[in-house]
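Reviewing the structure listed below.
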Amino acid sequence: MAKKKVLIVEDEESLLKLESILLTTKGYEVRGVANGRAALEALEAELPDLVLLDVMLPEMDGFEVCRRIKNDPKTAAIPVVMLTAKKTAEDMAKGDEVGADRYITKPFKSVMVIETMEQLLS
Amino acid sequence: MSPSDPQDPSQRAEEFLQIFHKGAEFTQELLKENERLRYRLLEIEKEATSGDREDTLAKHLRPLQARIDLLENEKREFERRLRDVEEENLSFATRYVEIEAENNMLANLYIASFQLHATLEFSEVVRTISEIIINLVGAEAFAVYLLEEKSGALSPISAEGLDLENLPVVPLGEGFLGKAVQRQDLYLEKDVPSYTLNLERPMVVIPLCLGDRPVGGIAVYGLLAQKENFSKVDFELFRLLGGHAATALSAARLHTLSARKLSTMQGFIDLLTQK
Amino acid sequence: MECQKILVVEDSPTMRQLITFALKRVQNAEVVEATDGVDGLKRLAADTFDLVITDINMPIMDGIKLVAMIRKDPAYVDVPILVVTTEGAEEDRDRAMALGANAYMTKPVQTGRLIEICEQFLKERKAAAERA
């Protein structure tokens, strides 16, 4: 079975690298980008099976990126998981507004990501 | 016969005489040597049997022996003192470890109490209780229940690691939680390593009591992975929570009620004075 | 005698109080508190610190991201960082250490051990400064 493709959007470089390695060792094909614009560009090039999106990003914030992904018919079906430092009611409300599928607290546990993937992609 | 003839009898006599002389001389010398040696031997024997030589040796040996004895005593003394010091050291080290653990415990209790009574805001008291259980005890799943006067049941008001909606309302005196709170007895799971999460059967029940009146309870359903068992600190924290958390919650509740009453009355007065 | 500064980044007031209280025993050390990663970075920029103690699970910016951000800052590239967290899994520890943390303690903490580790870091830092 082909590896599941994950797109990670995280602005801190060393952290992005680490997260990519972590998920790669868990058997995913990982692509990492540092901001919202790059994420949207990456989606133009290839559709992943899941997007892991940090809520706090420079320039275009995570919620805006999610909104654009969900509003574009080409990408609307892709599950978007928001990564948030603490699950506040605020964050979850904003996420619901823009169509986020799940919320995982940062730093994410690989087990959480795997479980969420299984739930969303079954 | 000629004089050079070896067979000349006078010559031979001469030779024989010479040999005898030489022999005699030699014997004389041997006798003299013998005499000398015998004399020397007598002298040495005399020396050996006389006390002189012994005395000299003993004279030299005695102080040395005394010194050896003194040093050996000192050494034994030092060894004894070393053992004493080592023992003292060990007891100091043990005591230090005990005191350090006690210090750690007291710091936890002090801060817990400080925080619980630092606020009159109900939500903050509840949050502090959660912080204490997560950070100081090390629990992952727990809930705080308040006793509702009217229904006489324990109602969950806050939960961590569990969904509040999944928690039961427990009548006082029923189930693990209800019974423990009614009896005002702290309940602790004995076999921590094999405990698995069970909403009907918590790991810990801390009855919250104001004096002898139960006002609620804290139920712990699971610990952080790295926490293997309860320690003395935990027992003391549970005891502290049993009293202080109850007081803090009650004070906060009263404060909210009186604040509400105050604002209601104020509102009423404002209404009246608006004309 | 110079005072060394310790930054404590922790969102739980109870835990923050406990750490600050425990650190009173460390000689010549001053403690500054921060409530989350962003607040922590603000404090770091405003002063010079000799040791950072941080939690992981915090709002706005978590501790792991904070560690990454601290190491990116040339002024703090070698400041000792001690992580104090509820997360005990190897994955969490490895992640923190890989990003540059120097030590990792799980909660509930033994304050005696915390003090020991901090004293050690501060001592090394002082020695390194004196050699320079």
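The values are calculated or read from the model by the stated rules, or taken from the named source; none is laboratory data. Just so we're clear, the structure is a prediction, and the values are computed from it rather than from any experiment. Backbone-built Cβ (ideal geometry, glycine too); neighbour counts: all protein chains shown. Accessible surface is based on the protein model in full, side chains and every heavy atom, while ligands, DNA and RNA are left aside. Shrake-Rupley method; radii C 1.70, N 1.55, O 1.52, S 1.80 Å.
Name the longest site-free stretch of chain A, where the excluded sites are GluC sites (Glu not before Pro) in a DSSP loop with no more than 11 other beta-carbon atoms within 10 Å. Numbers along the way, then the final one.
Numbers: sites that count: A:E46, A:E59.
Longest site-free region, per DSSP loop and neighbour criteria: A:60-122.
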Would you please give the FRET efficiency between A:M92 and C:K126, computed as 1/(1 + (r/R0)^6) with r the Cβ-Cβ distance and R0 = 35 Å, to the nearest 0.05? 0.15
Relative to the longest principal Cα axis of chain B, at what angle does helix B:122-131 sit, 0 to 90 degrees, rounded to 10? 30
The rounded separation in angstrom of the Cα centers of the range B:13-33 and the range C:39-57 is 119
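Which helices, counted as full DSSP H runs in chain C, have an axial Cα extent of no less than 24 Å and a Kyte-Doolittle average of -1.0 or above? Don't skip to the end; give the middle numbers.
Details: long enough: C:111-131 (30 Å, -0.60).
Those that pass (Cα extent of 24 Å or more, hydropathy at least -1.0) are C:111-131.
Treating only the Cβ of Lys, Arg, Asp and Glu as charged (+1, +1, -1, -1), what charge dipole size does the range A:5-109 show about its Cα centre? Round to the nearest 20 debye.
Values: 15 positive and 20 negative charges, 75 e Å.
Rounded to the nearest 20 debye, it is 360 debye.
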Where the centre of each part is set by its Cα atoms, how far does the range B:45-77 sit from the range B:104-170, in angstrom? 84
For the range C:4-127, shape from the Cα gyration tensor axes a ≥ b ≥ c, cut at a/c of 1.5 then a/b versus b/c, turns out rounded
Pairs to check: A:K87/C:K123; B:K150/B:K261; A:K17/A:K86; A:K70/C:K72. Give those whose C-alpha atoms are more than 27 Å from each other in this structure. A:K87/C:K123; A:K70/C:K72
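Give me the accessible area buried between chains C and B, both sides summed, with a 1.4 Å probe, in Å² rounded to the nearest 100. Mind showing how you got there, number by number?
Details: alone 7220 and 19800 Å², together 25310 Å².
Chain pair C/B: roughly 1700 Å² of buried accessible area.
Report the charge-dipole magnitude of the protein assembly as shown in Debye, nearest 20, computed about the Cα centre from +1 at each Lys and Arg Cβ and -1 at each Asp and Glu Cβ. Mind showing how you got there, number by number?
Numbers: 65 positive and 89 negative charges, 320 e Å.
Around 1540 debye, computed over the protein assembly as shown.
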Give me the extension gain from B:T264 to B:A93: residue separation times 0.36 nm, minus the current Cα-Cα distance, reported in nm with one decimal. 55.3 nm
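Using only C-alpha positions, report the orientation-averaged shadow area of the convex hull of the protein assembly as shown, nm², one decimal.
Details: hull surface 257.9 nm².
Taking a quarter of the hull surface, the average projection is 64.5 nm².
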Round to the nearest 10 and report in Å² the accessible area of B:K179, as given by a 1.4 Å probe over the protein chains' heavy atoms. 100
To make sure I understand the rule: partners must be lysines, Cα under 30 Å from the Cα of B:K75, and not fewer than 8 residues away in the same chain. Which ones qualify? B:K59
Given a 10 angstrom Cα cut-off, can you work out which residue in C:A75, C:A96, C:A34 is the most mobile in a GNM of chain C? C:A75
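Skip the ligands, DNA and RNA, and give the accessible area per residue of the range B:35-174 with a 1.4 Å probe, whole Å². Intermediate values should be presented prior to the final figure.
Numbers: 9900 Å² over 140 residues.
On a per-residue basis, 71 Å².
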Please work out whether the range C:12-81 counts as rounded, prolate or oblate from its C-alpha gyration tensor, where a ≥ b ≥ c are the square roots of the eigenvalues and a/c under 1.5 means rounded, while otherwise a/b larger than b/c means prolate and anything else oblate? oblate
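Charges at C-beta only: +1 for Lys and Arg, -1 for Asp and Glu. How large is the resulting dipole of the range B:34-176 about its Cα centre, in Debye rounded to 20?
It comes to approximately 1360 debye.
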Please work out whether chain A counts as rounded, prolate or oblate from its C-alpha gyration tensor, where a ≥ b ≥ c are the square roots of the eigenvalues and a/c under 1.5 means rounded, while otherwise a/b larger than b/c means prolate and anything else oblate? rounded
Would you check the accessible area of B:F16, probe 1.4 Å, heavy atoms only, in square angstrom rounded to 10? 110
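In peptide B:101-114, what is the residue-averaged number of other protein chain Cβ atoms found within 10 Å of each Cβ? Numbers along the way, then the final one.
Details: counts 3, 0, 5, 10, 1, 1, 9, 7, 0, 3, 11, 3, 0, 4.
The mean count of partner-chain Cβ atoms within 10 Å per residue comes to 4.
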